[in-house]
Amino acid sequence: MKRFETILWESQETTLVIKLNRPDKLNAINAQMLTELDELFSDLSFLESYSSIVVTGIGKAFAAGADISELAQCTAENGAEFSRHGQHVYRRIELCPIPVIAAVNGYALGGGCELALACHLRFASTTALFGQPEVKLGIIPGYGGTQRLPRLIGISRALELMITGEYIDAERALSWGLVNRVYESDELLDRTMEFCRYLAQKPLHAIRSLLHIVTSSISENYELEAQQFGILCGTEDFLEGTRAFLERRSPVFRGK
Ligand code: COA
């Protein structure tokens with residue numbers, strides 16, 4: 001497997017560790033990162049040489065969302081396509097035949113939270129924060145979050161997170177079933193690797209069958225999400241929300 005820029009990968013025993021590598025931008029997910037993740041997760045013969053995969057972030061964030069400077073370029077014409085690109089890559093991760101564990105080391109917001117949702121399991125550090133703050137930009141989650149979040153934590157809690165855009169800490173994420181385990185920050189990766197060694201002793205074919213059955217039986221309405229995302233990219237509120245973030249001020253929404 002070749003080396004990438006926005007993601008780094010390394011082998012640790014029989015685990016593939018993938019690190020999101022834009023720490024200066026809190027690992028904001030840009031088009032290049034999506035393309036690189038897609039390429040890596042497309043190579044099944046490479047992935048199948050491992051017994052587990054860990055996705056984590058370099059620096060203080062897991063990922064603080066889709067890259068808002070790219071997102072701000074979206075229009076009513078190309079917004080749905082922007083959404084479909086992320087949906088496609090995340091679905092590929094979800095369909096990976098090897099268990100994928102998100103080791104969430106800090107902010108997991110917007111597209112970063114959705115990336116964690118697309119992984120099979122989520123382990124978090126005590127400092128992790130989860131949220132879908134797209135509403136503060138005048139849009140909605142566009143990388144599968146409107147579908148995966150309600151499935152995982154229930155419609156009521158998912159709607160609360162998506163409508164308010166507020167963040168929850170690791171403890172609440174654990175009690176809501178958004179994460180499987182919580183560890184101290186300095187232990188997160190070691191404890192995740194410990195779990196991966198434990199997984200490596202399990203019967204491979206049974207694990208693959210489980211992943212296949214559970215992930216393929218999920219029926220989602222991704223296309224509706226992409227279409228709504230695209231429509232919202234054509235609104236004044238979206239222009240205001242993204243501009244306000246880039247200009248470091250609070251947005252003033254007018255419902256237009
Ligand atoms: N897209 C693009 N750049 C982002 C980003 C994103 N989603 N999130 C953070 N960054 C960048 C910031 O612009 C800043 O870049 P700069 O140093 O070149 O100005 C850098 O990452 C550090 O972020 P900063 O906001 O200064 O850190 P902070 O600790 O003060 O705040 C957050 C952290 C996560 C609260 C804040 O960065 C934030 O709200 N990010 C956006 C979250 C979001 O709305 N995500 C959903 C997008 S769909």
**Study point:** Binned Cα-Cα distance frequencies in region 1-145 - 10 Å width, integer %
**Key:** 12, 46, 33, 8, 0
Check your understanding: If you put +1 on each Lys and Arg Cβ and -1 on each Asp and Glu Cβ, how big is the dipole of the chain around its Cα centre, in Debye rounded to 20?
Key -> 300 debye
Review point. For the chain, treating each Cα as an identical point scatterer without solvent, what Debye log10 I(q)/I(0) comes out at q = 0.12, 0.15, 0.16 1/Å?
Key: -0.66, -1.05, -1.19
Exercise for review: Kindly put Ser42, Ser219 in sequence by how many other C-beta atoms sit within 10 Å of each C-beta, fewest to most.
Suggested key: Ser219, Ser42
**Study point:** Among Leu8, Tyr167, Leu20 - extreme Cα towards positive end, dipole of region 7-185, charges at beta-carbon
**Key:** Tyr167
Revision key, fill the gap. Cα-based Debye curve of region 100-249 sampled at q = 0.10, 0.15, 0.21 Å⁻¹ gives log₁₀ I(q)/I(0) of -0.40, -0.84, -1.31
Study note, to complete from the structure: Between Ala66 and residues 5 or more places away or on another chain, the pairs with built amide H atoms under 5 Å apart involve Ile29, Gly111, Gly112
Check your understanding: Summing +1 for each Lys or Arg and -1 for each Asp or Glu, what net charge is found among the other residues whose Cβ lies under 11 Å from the Cβ of Val135?
Key -> -2
Study note, to complete from the structure: Residue-ordered couplings for region 38-49, obtained by feeding phi - 60° into the Karplus form 6.51 cos²θ - 1.76 cosθ + 1.60 and rounding to whole Hz (Gly and Pro as x), are 4, 4, 5, 7, 8, 8, 5, 5, 5, 5, 6, 7
Check your understanding: In region 47-103, which GluC sites (Glu not before Pro) are in a loop and have at most 10 other Cβ atoms within 10 Å, using DSSP for the loop call?
Key -> Glu77
Review point. Where Lys and Arg each count +1 and Asp and Glu each count -1, what net charge lies around Trp9 among other residues with Cβ under 9 Å from its Cβ?
Key: +1
Point to revise | Lone cysteines, the chain (no partner Cβ under 4.7 Å) | key: Cys96, Cys113, Cys119, Cys196
Study note, to complete from the structure: Going residue by residue through region 82-87, the Karplus relation 6.51 cos²θ - 1.76 cosθ + 1.60 with θ = phi - 60° gives ³J(HN,Hα) values, rounded to whole Hz and with x marking Gly or Pro, of 4, 5, 4, 4, x, 4
Review point. Hey, got the dipole for region 105-208? About the Cα centre, +1 on K and R Cβ, -1 on D and E Cβ, debye to the nearest 20?
Key: 520 debye
Study note, to complete from the structure: Diffing region 63-71: the Karplus 3J(HN,Hα) column from phi (6.51, -1.76, 1.60, θ = phi - 60°), in whole Hz with x for Gly and Pro, holds 6, 8, x, 4, 5, 5, 5, 7, 4
Exercise for review: Starting from the amide H of Thr6, placed 1.01 Å from N in the peptide plane, find each other amide H under 5 Å away whose residue is 5 or more places distant or on another chain.
Suggested key: none
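Values quoted throughout were computed directly from the atomic coordinates according to the rules given, and no laboratory measurement underlies them. Everything numeric in this text was worked out from a predicted model, so none of it was measured. Cβ sites come from the backbone with ideal geometry, for glycine too, and all protein chains shown count toward neighbours.
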